[in-house]
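The values are calculated or read from the model by the stated rules, or taken from the named source; none is laboratory data. Keep in mind it's a predicted model, so treat the numbers as computed, not measured. Every residue, glycine among them, receives a Cβ derived from its backbone with ideal geometry; neighbour counts consider all protein chains shown.
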Amino acid sequence: MLAESTYGAWFPPMLSEHGGEIDHLISVVHWFMLALFVGWGIFFVYCLVRFRQRGGHKAVYNPVKGKISKYVEIAVGVFEAFLLVGLSMPVWDWYKNEPPDAGADRCEIRVVGEQFQWNFHYPGPDGKFGRTDAALIDTATNPLGIDWENEDAKDDVFSQEMHLPVGKDIYVRITSKDVIHSFAIPTMRVKQDSIPGMEIPVWFKVKKDATTAKLKESMTQTYPIDKIKWRRIRHHVAVEDYQDRSGQVVLAKGAPLGNNLEQGEKLINTLRESGHTELVLQPANPLEVICAQLCGNNHYTMKAQLITHEPADFDAWVQEMIEDRTAGSEMFEDF
Amino acid sequence: MSAEHHHEHDLPFWRKYVFSVDHKVIGVQYTVTGLLFLFFGFCLMMIMRWQLAYPLEAIPVIGTWLSQSMVDADGVLIGDGYNALGAMHGTIMVFLGVVPLAVGGFGNFVLPLQVGAPDMAFPKLNMASYWVYLVGGIVMLIGFFVPGGAANSGWTSYTPLANIATTGQTVWLFGMVLLITSSLLGSVNFIVTTVQLRAKGLSFFRLPFFVWAQFVTSFLLLLAFPPLEAAGVLQLMDRLADTSFFMPTGLVVSGELQESIYSGGGSPLLWQHLFWFLAHPEVYVLILPAMGILGEVIACNTRKPLWGYKSLVYSAIFLGFMSFIVWAHHMFMTGMGTTLSTFFQATTMIISVPSVIILTCFIISLWNASIRYNTPMLFALAFLPMFAIGGLTGLPLGLTASDIHLHDTYYVIGHFHYVVAPGTIFALFAGVYHWFPKVTGRKMSEFMGKLHFWPSFVFINAVFMPMFFVGMAGVLRRQFDQTEQLQGAVVHGLTIMSSWGAWGLGLAQIPFIINFFWSIRKGEKVGDNPWEATTLEWAAPSPPPHGNFETVPVVHCGPYEYSVPEKKTDYCPQNVVMEA
Ligand code: HEM
Ligand SMILES: [Cu+2]
Ligand SMILES: [Cu+2]
């Protein structure tokens, strides 16, 4: 499954446990639509040709008597009912009414949208979110106003990247500081508006083998250099060093292609002129949290990197974040 | 009545052609203004398509002419400039383009003629409706010139974003209040005219489908707009008087606690409910008149009665009614519970049934027909598969589970544009070509008409078909630069194709513009009933004089008596007792 996980013109990669049912529903609906459209289309085109105005041909006044349209309409109605009751409601019911049990196995995260970034608040090993206070908000250092002196907050983690353990229940509580945003992870088939004054939960589970490391591997692709457009690969990095004719490395392994059209195109040109015929690239980071609701000037830049880990690695990341913060604040005190 | 009408030629120019109370002059005023706004809204879109295809590259030629609220010094669009173009494109297309053209233009000109009336029931109200609309339109345009530029919170103006937006939003709200008022004045008029002024013998079930469509549309406007007008005033209060109707407690904007400004306690979602309570019926306001035009053009050019006339009428009424109880399907992602979402999913599935019936009736009408392929008919026929695509793609959006993935993506943009662009807009073109001879006494050129139709048909699909794939890949709507996101960068090629389609579509309108003006003066002169149609407007002279009919028409039969066996001609006008 994962081997095929790459971005293209149909679905994006599907990496959550429930997402398959959503894709299945979308596929079924599209086959149904296609069948109806082709059916109608054949009748339509037949009429256009067969009943065109021409010498000796006359329209017939008597209305068509057949019942076939009735049957088609009823069949459409019945099938729609099936889609609704059989395929849509079960997923939605789970999505809205069956939260994972609270407990050690559930990874809980508070997500707060703001113009134009996502903020993530993890409760840490104690499972309790520390107190927050709007008066403590500092846009640069403490966007959520977490009271770091609070007992429950001592092991909390604040991050602007979203880190998730694979194979575990994820329980996300979503809200916003200012305007309405929408928390969206296309690859997880998750979307939920983030609304100020309301806290709305969503839950899902990342597929067991969908770690960021493995995804990068599976999304590694060879691109013929003649066809490369910088814009299409701007979020990719090289998996090996590429040199120009003089042997100088112009695109280093892991280095991004830059964030600028002119420089990017120039670099690709240099590589082409240096005799390279293809580039092997992978996304710098294959997963993103984006904002699906218009939220102002920089709405389009509102995204967070999403990084998925094996559960043990996730715990390690949490520890590291806690240590970094305490180390940081001690340093601050010394200073 | 007739005595005063026949003094019309004594009126000074400005009373006759500018501040006229004649429904036909008002209809033409609405049509021309509506077409201009459609063109303007389309131009805004062509600029946006540049930024989408070539993000952050200077807009060619006109880039540096645009105001500093939209572009930087090099003529590169900025984020809020893009958002303003998007919000104004949506607003202008819906409220200043399509509705005025479909209802104010076609409704005004054709409906009184089709019911055999000398004018609208309230001619002065009718005139007021046009002028309020025009002022509303001008106010909307003024938005582009205030500090911060035009409204940039989407045509939906979701709060709190719209509450804290620049001055343009205030202008937008004033504009909306005027436009809504105009629509209310119009809709009352249509309803009373249809009920009171029908010619003798013209019972409800002898009304052309066009009249039915306008009649139902008027009820939608009358009942759905007032809540939005109220909501608009509330948002104005939030913006100007710092009330908190839509502002929750504890808002922090750019690090600033808003408590000192707003008391809080309001609900951002309240706005969405009020907005969509209007805006879903509005969708049917965009589509029903188009279906009405289609009924006329198809019956006339198949030379046979519409199949299932009564089903069409009942479906239109049912559609109108249902359209009031589906609004929250636009809000599935706001955290709605299962009970409510089940209700709205079910009503959404149910409302698709009358649409299917209407489409089916039109298609079955082609059976055993003798199809005349003139320009209006080509546009009308193209409507059918295009509207089918638009309607069908609404299904996965109406089911909550699939909507999780598709909500707010380009799939939605593709879906509703198939309904309103190659759907409604094509029907409106069909209407222009069909009724042009009635308005001017001349036909538009068939050759130029076909030169307009075929490229438009190809290009419009090139614009919108790729959007389904882009959306399916997860690319969101209202994105200034979609390549900022991984999946957006990957499918960027499809977006470039869409943009070229849009510019091609723009070029394809040149034959129409030329044809339109050329035909007013030079078009082939035709008689009163060039299409050999049956409905009453063709019984009046072309162009109809003030007061419309030379003799008061009396109706003897249904609207679409084409190819009646044993009759002399293949059409029986409603006002003529046809001998065998
Ligand atoms: C025929 C040419 C048209 C083209 C090429 C076109 C293209 C587009 C595109 C690309 C968007 C998405 C912009 C974005 O999400 O950033 C858009 C939005 C929209 N369009 Fe059109 N459109 C056309 C006609 C129409 C018509 C006829 C209507 C209405 C009757 C309409 C109503 C809207 C609305 C309401 C939006 C949403 C605006 C918003 O996001 O607030 N468009 N159009
Ligand atoms: Cu946002
Ligand atoms: Cu709707």
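Assorted remarks:
- Which numbered condition A:LYS70 misses (of (1) surrounded by fewer than 16 Cβ atoms within 10 Å (Cβ to Cβ); (2) assigned to a helix (DSSP H, G or I); (3) at pLDDT 90 or above): (3)
- Only residues that are surrounded by fewer than 17 Cβ atoms within 10 Å (Cβ to Cβ) and in a loop (DSSP other than H, G, I, E, B) were counted across segment A:208-228, and they come to 3.
- On the stretch given as segment A:200-218, residues that are touching a strand residue (DSSP E or B) at 6+ places or on another chain (Cβ under 8 Å) and touching a residue at least 40 places away in the same chain (Cβ under 8 Å) total 13.
- Flag for B:THR166 being of a type in the set (Ser, Thr, Tyr), over 16 Å from B:LYS24 (Cβ atoms) and in a helix (DSSP H, G or I): no
- Condition check for B:PRO160 on (1) part of a helix (DSSP H, G or I); (2) closer than 22 Å to B:GLU229 by Cα: one failure, at (1).
- Test set (1) within 16 Å of ligand 1 (Cβ to nearest atom); (2) of a type in the set (Val, Ile, Thr); (3) surrounded by fewer than 24 Cβ atoms within 10 Å (Cβ to Cβ); (4) more than 14 Å from chain A (Cβ to nearest Cβ) - B:ILE425 fails condition number: (3)
- Residues of segment A:325-333 include at least one that is away from every other protein chain (no Cβ under 11 Å), away from ligand 2 (no atom under 16 Å from the Cβ) and either closer than 30 Å to B:ASN152 by Cβ or surrounded by 12 or more Cβ atoms within 10 Å (Cβ to Cβ) (or both).
- From the options B:THR170, B:THR156, B:THR181, B:THR166, residue that is within 16 Å of ligand 2 (Cβ to nearest atom) and either surrounded by fewer than 20 Cβ atoms within 10 Å (Cβ to Cβ) or within 14 Å of another protein chain (Cβ to nearest Cβ) (or both): B:THR156
- Any pair with Cβ under 6 angstrom, 6 or more apart, that starts in segment A:73-102 at a residue that is facing chain B (nearest Cβ under 7 Å) and β-branched (Val, Ile, Thr) and ends at one that is crowded, with 16+ Cβ neighbours inside 10 Å and assigned to a helix (DSSP H, G or I): A:VAL76/B:VAL356; A:VAL91/A:GLU21; A:VAL91/B:ALA401
- Matching entry among B:THR424, B:THR400 (being in contact (Cβ under 8 Å) with a residue 40 or more places away in the chain, within 16 Å of ligand 3 (Cβ to nearest atom) and more than 20 Å from A:HIS30 (Cα to Cα)): B:THR424
- Condition check for B:ILE78: closer than 25 Å to B:ILE513 by Cα, away from ligand 3 (no atom under 16 Å from the Cβ) and of a type outside the set (Phe, Trp, Tyr): no
- Filter result (touching a residue at least 40 places away in the same chain (Cβ under 8 Å), farther than 29 Å from B:GLY255 by Cβ and assigned to a loop (DSSP other than H, G, I, E, B)) within segment A:103-139: A:ASP105, A:PRO125
- Filtered residue count, segment B:476-520, keeping only those that are near ligand 1 (Cβ under 10 Å from one of its atoms) and within 11 Å of chain A (Cβ to nearest Cβ): 7
- Any chance A:ILE137 is at pLDDT below 95 and either under 26 Å from the mean Cα position of the chain (by Cα) or of a type outside the set (Asp, Glu) (or both): yes
- One residue stands out among those in segment A:295-324 that are within 14 Å of chain B (Cβ to nearest Cβ) and of a type in the set (Ser, Thr, Tyr): the one that is surrounded by the fewest Cβ atoms within 10 Å (Cβ to Cβ), which is A:THR301.
- Candidate set: segment B:134-151, residues that are under 19 Å from B:PHE37 (Cβ atoms) and in a loop (DSSP other than H, G, I, E, B); chosen: the one modelled with the highest pLDDT: B:ALA151
- Looking across segment B:431-487, not a single residue is crowded, with 24+ Cβ neighbours inside 10 Å, touching a Leu at 6+ places or on another chain (Cβ under 6 Å) and free of Cβ contacts under 8 Å to residues at least 40 places away in the same chain.
- Check on A:ALA292, over 30 Å from B:VAL253 (Cβ atoms) and either more than 16 Å from ligand 3 (Cβ to nearest atom) or within 14 Å of chain B (Cβ to nearest Cβ) (or both): no
- Test result for B:GLY41, within 16 Å of ligand 3 (Cβ to nearest atom) and either within 30 Å of B:ILE520 (Cβ to Cβ) or within 14 Å of another protein chain (Cβ to nearest Cβ) (or both): no
- Filter result for B:VAL94 (touching a Pro at 6+ places or on another chain (Cβ under 8 Å) and either buried (at least 17 other Cβ atoms within 10 Å of the Cβ) or at pLDDT 95 or above (or both)): no
- Among the conditions (1) more than 27 Å from B:ALA401 (Cβ to Cβ); (2) in contact with a Lys or Arg (Cβ under 8 Å, 6 or more places away or on another chain), A:GLU108 misses just one, which is (1).
- In this entry, B:ASN374 is excluded by the filter for residues that are touching a residue at least 12 places away in the same chain (Cβ under 8 Å) and either at the interface with chain A (Cβ under 8 Å from one of its Cβ atoms) or among the acidic types (Asp, Glu) (or both).
- Total residues in segment A:144-154, condition within 28 Å of the chain's Cα centre (by Cα) and either part of a strand (DSSP E or B) or crowded, with 20+ Cβ neighbours inside 10 Å (or both): 2
- Tallying residues that are away from ligand 3 (no atom under 16 Å from the Cβ), within 25 Å of the chain's Cα centre (by Cα) and closer than 23 Å to A:GLY19 by Cα within segment B:471-493 yields 2.
- Answer residue from segment B:512-534, given it is within 22 Å of the chain's Cα centre (by Cα) and surrounded by 15 or more Cβ atoms within 10 Å (Cβ to Cβ) and is farthest from B:LYS450 (Cα to Cα) among those: B:PHE516
- In segment B:206-252, the residues that are β-branched (Val, Ile, Thr) and surrounded by 17 or more Cβ atoms within 10 Å (Cβ to Cβ): B:VAL211, B:VAL216, B:THR217, B:THR243, B:VAL252
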